[in-house]
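What follows is a set of notes on a single structure, which appears directly below.
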Amino acid sequence: MKPPRFRFVAPLVLTALPAVLPAQTAPRPAATPTSEAVSLSPFEVRADSETGYAASTAMSGTRTNEKLENLPNSISVMTQEFLQDLALNNYFDAVDFALNAENIANDLGTVGAVVGNRGGNQVNIRGLASVRQLRDGFPWYLATDSFNTERIEFSRGPGSLAYGDVDAGGSINIGSKRADFRPRGSVQVRQDTFGTRRYSLDVNQPLVPGKLGARFNAINSEVEQYKQRQGRDLEGYAGALRWEPRSEEHTSELQSRETISYA
């Protein structure tokens, strides 16, 4: 008889190994300001944001100061520098350089008047008559001189839901010069070989720094052209006040707000 066999089973002991923790990341550095937030009114177009003839924003698309790159509308803007360099006296002269717009004249050669009328301010946009323009967003039925004009926006197409009260072909929105808090002024004298004599004044003066500003414009103009019945005489004055009742502390607080970004 064979002796019994014994089987020894060695127990397998698993020791718990310490978990390998990832190296602690360095604490996130404090956010550093990259740029200062600028508080702008949504109902005001700032000329200092323009570069030469290129305008970055417009009021015609949404009735607020919106970037042109964000608007699906067909809008072109004539800046103050463009109007000055081409010596455009009124919006009739500006229409000659606009896209899809043209001036009309009656049988006597009067610009802005259709045949059978002695006067008017009508232009054609995309072949359709426009008998009114917009002055700072409101309907305007008078021929506007450029001495108090900051910019001219041409909105093409029947976008009445976006533009507001407009004609089927489009609209022309004429922006008036507004007061701000920067002291500046200019005097212009224009003369040409046709006999034009034009003298204009533009003065902007802050009355209370950061709170109250005034702007004054004046014109004495006798415009003559090579065509008869196209001369225009004008003597006009325009003034504007700007009042922001916010305290200087509140203004500095808005200007000191910073845009925070993380790497």
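The values are calculated or read from the model by the stated rules, or taken from the named source; none is laboratory data. Quantities reported herein were computed from a predicted structural model and do not represent experimental measurements. Virtual Cβ from ideal backbone geometry, glycine too; neighbours counted across all protein chains shown. Accessible surface is based on the protein model in full, side chains and every heavy atom, while ligands, DNA and RNA are left aside. Shrake-Rupley method; radii C 1.70, N 1.55, O 1.52, S 1.80 Å.
A few notes on this one:
- Test: residue in the range 138-155 that is in contact with a Pro (Cβ under 8 Å, 6 or more places away or on another chain) and assigned to a loop (DSSP other than H, G, I, E, B): no
- Criterion (open to solvent by 50 Å² or more (accessible area, probe 1.4 Å) and over 28 Å from Trp243 (Cα atoms)) met by exactly one of Val203, Val223, Val189: Val189
- Residue satisfying all of: in the range 58-115; β-branched (Val, Ile, Thr) and either outside any strand (DSSP E or B) or without any contact (Cβ under 8 Å) to a residue 24 or more places away in the chain (or both); surrounded by the fewest Cβ atoms within 10 Å (Cβ to Cβ) among these: Val115
- Inside the range 206-220, residues that are more than 11 Å from Arg242 (Cβ to Cβ) and outside any loop (DSSP other than H, G, I, E, B) make up a count of 5.
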